[in-house]
Amino acid sequence: MPPVRVRFAPSPTGYLHIGGARTALFNWLWARQQGGKFILRIEDTDKDRSTQESVQAILDGMRWMGLDWDEGPEVGGPHPPYFQTQRLATYDVYSEKLIARGAAYRCDCSKETLDALREIAKKEKRGFKYPGTCRDKHLPKGTPRAVVRFRMPDTGETTLDDLVKGKITTDHKEMQDEVILRSDGVPLYNFGAVVDDIEMQITMVARGDDHVVNTPRQILMYQALEYPVPVFAHLPMILGADKQRLSKRHGAVSVLQYRDDGFLPGALINYLVRLGWSHGDDEIFTIKDLIAKFDWEHVGATAGVFNPQKLEWLNQQWIKSTPPSELAAITGTSAEFVKLMQERAKSTNEIRDAWNAYIVPDIPVYEEKAVAKNLTAETRPLLVEARGLIDAGFAKGSHELEQSFRALAESRGLGLGKLAQPVRVAVTGTTVSPPLFETIALLGKEKTLTRIDAALEKIK
C-alpha cells in the first residue's frame, strides 16, 4: 500500500466555512492517524472571485484550529506551487497527453453555436448535451478560441465505490464531452483537480458530497492518464435547524467568527467531528483521542444538523477542562481569575469581559438597579463595618475574610447574603459576579477599599 496522502483544496472566494473546516479536519485526522501527509492547495482559478484576503482567512482558520499541513502555501514541499493559477503550464502538458492518446480534442465551436443548440434542446424539452461536433476535426494547437474537451466513452458505465456513500454507478450516456481546458489555458474544476491529485500523488479524496456528480468524470480522467484511481469518501452536507443547507441565516458559519466569539479550537473540532462521525455514545474527545479513534466506517451518510446550543455546551466543557494558565494566556487575564470563572463561563469572551468589568477599572461601572436596591442608607453601616473587616483582615486570605463576614452578619441577626450583596455591588458594580471573597483577593486591598469608598460616596 502506498503511503496515505490526502488533501484539502479550498477555493479562496470567501472565509473558511464550517463545512470546509470539517472536510479539512477529517482529512487531517486520517493523515495523522496513518502517518501520512496532509496537503493544502488553493484552487484559485476563479479569477474574478478569488482574493488574497480569502487565502489568508483560510490559512488563519486552519492554523487557529491546529490543522497543520505538511505541504502547501507558506510551508512548501516537493510539489510546488500549491496555487492552481501558478500551474497553468502543467495543465497544458496533461491536456496534450490526453489529446495524443485520443482521450481529448480541441473544439472551436462558438458561443453562438452552442447557445443555439441549447435553445433547440430547451424547445424539445430535453437536456443539452454537446453533440461532439469537433471530435474528429483534429484541430492544431493554437487554433483561435479553441478549448479542450474530454472524450467521454459512448457506452458503458463507471462505478464509484465510496467509503461513505457505497456504490454509485453512472451511465456514460448521462455525460457529455465536457470542457477541461479553456482557451486561456485555465483548467475547469474536474481536470484541474485530477492533474493536481496526480502531481501530488494523492491516494485518497475526501470532500463534500456535492462533488459526487463530478467523481465518475474524474475517474475516467485518472484512467485516461494511467494514474491509480484514489479512494473516495464523500461527506454529507451540514444543515441548519430548518433542514436547509447551512448558511449565514443560521448564525456564524466562518471558523474565525467562532474564534472571535470566544470558542476554543478544540471545542469546535470536537463538535465538527461528531457532526458526521460517531464513536459509541462518546461526546467529548481530546485531539489525541480523535487521531487514535477516527475511522471511515463510522462516518454517517446522512446530513448532520448544526446545533449551536450543543456547540456552546461543548465549549463550556472544554473551558472547564483546559488548564487555567492556558485560558489566562488566551484571555489576557490571570490563572487565579480564570479559576473563579471556569465552572460557569460558556466562552473565553465571558472570562475576558468579566476581567475587564470586575478587575481592570479602578472604579467599576455601577448598575443602576443594583445600586438602588443594595447601596442605601440602611446598608451604609454594614458597608462601613465590612470595610473595616477588609482593612484589618485582608492579609489573612479569602477564607478567613469570609468567616469574619459570617460572624458580623450573625451578630446583626442577618444571613450572609444581606451583608455580602451590598459589598458585592460596591466592589463589582453588579449583583452577579465571580465569588466575592476570591474577587476581593484578586483586586487587592487598596483597590477594594477604594471601590467601597466610592460606593459609600454614592449613598451620601
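Some values worked out for this structure:
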quantity: Cα-derived Rg to Rh of region 177-249, Kirkwood definition; calculated: 1.07
quantity: For region 253-354, fraction of C-alpha pairs farther apart than 23 Å, in %; calculated: 30 percent
quantity: Relative contact order [Cα under 8 Å, 6+ residues apart], region 327-444, whole percent; calculated: 33 percent
quantity: Angle in degrees between helix 308-321 and the longest Cα principal axis of the chain, rounded to the nearest 10; calculated: 60 degrees
quantity: Span per principal axis, largest first, for the Cα atoms of region 390-435 (Å); calculated: 27, 24, 15
quantity: Disulfide-incompatible cysteines by the Cβ rule (no partner under 4.7 Å) in the chain; calculated: Cys109
quantity: Portion, in percent, of the accessible area of the chain that falls on carbon or sulfur, probe 1.4 Å; calculated: 51 percent
quantity: Å² of accessible area per residue within region 304-460, as computed with a 1.4 Å probe and no ligands counted; calculated: 50 Å²
quantity: Per-residue HN-Hα couplings for region 331-339 [Karplus 6.51, -1.76, 1.60; θ = phi - 60°; Hz; x = Gly/Pro]; calculated: 9, x, 10, 10, 4, 5, 5, 4, 4
quantity: Euclidean distance between Cα centres, region 387-413 to region 125-167, Å; calculated: 84 Å
quantity: For region 343-460, size of Cβ-based charge dipole, Lys and Arg +1, Asp and Glu -1, in debye; calculated: 200 debye
quantity: Helix 416-428 axis, angle to the chain major axis (alpha carbon atoms, nearest 10°); calculated: 60 degrees
quantity: Cα-derived Rg to Rh of region 1-129, Kirkwood definition; calculated: 1.11
quantity: Ranked by how many other beta carbons lie within 10 Å on average, peptides 114-120, 253-259, 79-85 from highest; calculated: 253-259, 79-85, 114-120
quantity: Computed [θ] at 222 nm, deg cm²/dmol, the chain (DSSP H ≥ 4; -39,500 (n - 2.57); rounded to nearest 500); calculated: -13500 deg cm²/dmol
quantity: Accessible area of region 201-266 divided out per residue, in Å², using a probe of 1.4 angstrom; calculated: 41 Å²
quantity: For region 58-184, alpha-carbon Rg relative to the globular expectation (2.2 N^0.38 Å, N residues); calculated: 1.40
quantity: Student exercise, the chain dipole from Lys, Arg, Asp, Glu Cβ charges, in Debye to nearest 20; calculated: 740 debye
quantity: Pairs of alpha carbons in region 329-460 whose separation is greater than 25 Å (percent); calculated: 22 percent
quantity: Pair-distance profile P(r), taking every C-alpha pair of region 320-381, with 10 angstrom steps and integer %; calculated: 21, 38, 24, 15, 2
quantity: Per residue, the convex hull volume that the Cα atoms of region 272-317 enclose (Å³); calculated: 76 Å³
quantity: 10 Å-binned pair-distance histogram of region 3-58 (Cα, whole percent); calculated: 26, 45, 24, 5
quantity: Three semi-axes of the equivalent ellipsoid, the chain, Cα gyration tensor, whole Å, largest first; calculated: 64, 21, 19
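The values are calculated or read from the model by the stated rules, or taken from the named source; none is laboratory data. This is a predicted model, so every value here is computed, not measured. When we count neighbours, we look across all protein chains shown, and the Cβ atoms used for this are built from the backbone with ideal geometry, even at glycine. Just the protein is used for accessible areas: all its heavy atoms, side chains included, with ligands, DNA and RNA removed. Shrake-Rupley method; radii C 1.70, N 1.55, O 1.52, S 1.80 Å.
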